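Everything on this sheet refers to the single structure shown next.
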Amino acid sequence: MKLIIIGPQGSGKGTQAKLISEKYNIPHISTGDIFRENIREQTDLGKTAQEYINRGELVPDNITNALVHSRLSTQDCFKGFILDGFPRNIEQAKALERLVNVDKVIYLELAENVAVSRISSRRVCESCGMVYSALHDDVTKGCTKCGGKLMIRDDDTPDAVRNRLALFRQQTKPLVEYYAQKNILINVNGDGSIERVFVDIIHGLS
Ligand code: AMP
């Protein structure tokens, strides 16, 4: 199963990708998570990516494509994977096509005002990266998984969020039509509970 999940920031694609990865026993590959891990560890890649990410801009395609190429070349990806946050534009989609054939693309639809409200309540564990929502979770006590401190992501500031949603509209949304034409698109309403959305995704995949 070679899958992609697309959706605006706040649509819950990271959460759903993790559930899909567990159900089908395939690796969850989030380019955003890989960049954040590299920033935490202050690698060369992390230092380069950090400036773009904090401004809410995309990391240049040549850097991101090389990262995905290297990750997809590892053996755990041969039987399948779920890509989250990649591709983000048509150029990246074409680079991906040169590497593998994707089976299905899940599009999580969400109105922009709902996305903004979800992003502004997002909290992330600074140690393990686990994501919480101040709308549903008790975020006053720290990470329930590792005890780490919960932070607001550096790129969840109002300016960066506006930039990222505009980028989604301009660069990523055209991918929906692109994959619909290839007959591999599954449309899912992202404005529901985690469980409801997951059921709809599994239904779409079967
Ligand atoms: P995400 O966690 O998917 O929202 O990604 C966080 C940030 O990482 C994005 O706002 C971009 O700056 C960068 N990023 C993640 N994936 C990509 C990608 N496919 N292409 C370019 N930049 C990316």
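The values are calculated or read from the model by the stated rules, or taken from the named source; none is laboratory data. Since we're looking at a predicted model, the values are computed, not measured. Here the Cβ is made from the backbone with ideal geometry for all residues, glycine too, and neighbour counts use every protein chain on show. In case anyone asks, the SASA skips ligands and DNA or RNA and just uses the protein heavy atoms, side chains included. Shrake-Rupley method; radii C 1.70, N 1.55, O 1.52, S 1.80 Å.
Average accessible surface for region 73-115: 48 Å² per residue, computed with a 1.4 Å probe over protein heavy atoms with every protein chain in place. Mean residue ellipticity, 222 nm, helices only, the chain: the sum of -39500 (n - 2.57) across DSSP H runs of n ≥ 4, divided by residue count and rounded to 500, is -13000 deg cm²/dmol.
Of the peptides 178-187, 149-158, the ranking by mean beta-carbon count within 10 Å, highest at the top, reads 149-158, 178-187. Remark: accessible surface ordering of H28, H136 (largest first) is H136, H28, probe radius 1.4 Å. Kirkwood hydrodynamic radius, computed over distinct alpha-carbon pairs, for the chain: how many Å, to one decimal? This gives a value of 17.4 Å.
Residues D76, D200 ordered from highest to lowest accessible area at a 1.4 Å probe: D76, D200. Per residue, the average separation of C-alpha pairs within less than 8 Å and at least 6 apart gives the chain a relative contact order of 29 percent.
Straight-line cross-link partners of K2 among the lysines, defined as a Cα under 26 Å from its Cα and at least 8 positions apart when in the same chain: K13, K18, K23, K79, K94, K104, K173, K182. Residue-wise, which Karplus ³J(HN,Hα) couplings in Hz belong to region 194-206, taking 6.51 cos²θ - 1.76 cosθ + 1.60, θ = phi - 60°, and x for glycine or proline? So the J values, rounded to whole Hz, are 4, 5, 4, 4, 5, 4, 5, 5, 4, 4, x, 7, 8. Computed 3J(HN,Hα) for region 134-140, one whole-Hz value per residue from the Karplus formula 6.51 cos²θ - 1.76 cosθ + 1.60 where θ = phi - 60°, is 5, 6, 10, 10, 7, 9, 8, glycine and proline marked x.
Within the accessible surface of region 8-99, defined with a 1.4 Å probe on protein heavy atoms only, the carbon and sulfur portion equals 48 percent.
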